[in-house]
1. Say we look at region A:234-253 and pick out the residues that are assigned to a strand (DSSP E or B) and crowded, with 17+ Cβ neighbours inside 10 Å; which of these is nearest to the other protein chains (Cβ to nearest Cβ)?
2. Identify all residues within region B:43-54 that are touching a strand residue (DSSP E or B) at 6+ places or on another chain (Cβ under 9 Å) and either modelled with pLDDT under 95 or at the interface with chain A (Cβ under 9 Å from one of its Cβ atoms) (or both); write none if there are none.
3. For region A:1-87, give me every one of the helices (runs of 4 or more DSSP H) that falls completely inside it and has 1 or more residues that are over 30 Å from residue A:119 (Cβ atoms) and touching a helix residue (DSSP H, G or I) at 6+ places or on another chain (Cβ under 7 Å).
4. Could you tell me how many of the residues in region A:107-124 are in a strand (DSSP E or B) and on the phi > 0 side of the Ramachandran plot?
5. Of everything in region A:89-105, what is away from chain B (no Cβ under 14 Å) and crowded, with 16+ Cβ neighbours inside 10 Å? Give them in sequence order.
6. Does region A:189-199 contain any residue that is assigned to a loop (DSSP other than H, G, I, E, B), crowded, with 19+ Cβ neighbours inside 10 Å and in contact with a helix residue (DSSP H, G or I) (Cβ under 8 Å, 6 or more places away or on another chain)?
7. Test residue B:130 against the stated conditions and say whether it is in contact with a strand residue (DSSP E or B) (Cβ under 6 Å, 6 or more places away or on another chain) and either closer than 21 Å to residue B:160 by Cβ or buried (at least 21 other Cβ atoms within 10 Å of the Cβ) (or both).
8. Residues to consider are A:136, A:156, A:141; find the one that is assigned to a strand (DSSP E or B) and touching a residue at least 60 places away in the same chain (Cβ under 8 Å).
């Protein structure tokens, strides 16, 4: 890997991203950590049709771009990004079109509160998610993202998840345990966990770290998510971001005309 | 209010948007006498009104408690955009006009207060930790530093009385709707065309 070429590739992805919205806990990984993460998970996603359940960080674009520039030797066969933020969707498709990656990477608007659309159900070999960290709800919001990922993959698929992992904050360990339990209950075995692997652009907790968790689904295991996808229960939406933290925004709409217009930039769309 | 509160919002305060702190307090008290409430504007990347302040205050209020804003006056020269807010929202979806008689300038958020009362007591931040959000459980005396000048705090199990003493100069009860987003409805920011 040529470090300069790789960092410049990440830089091109980063300037294409919309600004993070703190009301949804959108926080961005630091650039060097994005490069390391892209390199790390690309091996697990080798030749896999992969779905990203949310991708504010734009790791999907990083991997695709680095592979196309031959900075990574292996990577996924195709990538589809699902996100509730239309600004993220537009940024992925804009980048994809500009670089001619349309046959490799695409993105569509989707909120994990909704049933997973049928065209995605069981269609992928791997999923990737970096969900809200679940500090205030013991990881319940993480389970929503994992659930949609599990629904989207085949019975022997791979899960790549980024989860908070910071020893100074006691909630991290219980959330991580709950996420692992959820995966195991759904037929996965944890195959790798790289602790304290990433850091973030955060004013208030600049040292906060997250881990990279890889899990593989055992094809012979019957799980609780087989069958049709259903909307998240109303009571789960009421506490999606913790007590008194409901999920009441269905989509973030992009008002910038794909980054070209004078506008208020975005608007929140209710359910 | 108790000088050793269990749950509160802490904020460093001072001059703001070209107005000295004394004038701000006087103007805010006038607003309180006219409207029965105060919108205390703030910004920054901590204490988001919807994901932190409102859930924090609601969780205390539903148990019969109340939450105060504890202000530490400091020498601040914040000079943000002077555009006054014209709308507020407690959910990010429905925006209402700022109540007549209230003026919020140069802020993205506001905590909604009752009467502001002068106070004079020392508060050891070492006794507290962050009470909500991603940093929940993080020691307050380590958290409040640099650009981090506000937090929703709760009494910690491990207390270090002598650590990071702050002098509280004013207090006010946080009242319903507790905290809101504010904006100027006419403000549209020019955005450059995107280029790779």
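1. A:249
2. B:43, B:44, B:46, B:47, B:48, B:49, B:50, B:52, B:54
3. Those helices (runs of 4 or more DSSP H) span A:3-15, A:31-44.
4. Within region A:107-124, residues that are in a strand (DSSP E or B) and on the phi > 0 side of the Ramachandran plot number 0.
5. Once the filter is applied, which keeps residues that are away from chain B (no Cβ under 14 Å) and crowded, with 16+ Cβ neighbours inside 10 Å, region A:89-105 yields A:89, A:104, A:105.
6. Looking for residues that are assigned to a loop (DSSP other than H, G, I, E, B), crowded, with 19+ Cβ neighbours inside 10 Å and in contact with a helix residue (DSSP H, G or I) (Cβ under 8 Å, 6 or more places away or on another chain), one finds none in region A:189-199, hence no.
7. Yes.
8. Result of the check over A:136, A:156, A:141: A:156.
The values are calculated or read from the model by the stated rules, or taken from the named source; none is laboratory data. Note that this is a predicted model, so its numbers are computed, not measured. Positions of Cβ are generated from backbone atoms using ideal geometry, with glycine treated the same way; all protein chains shown enter the neighbour counts.
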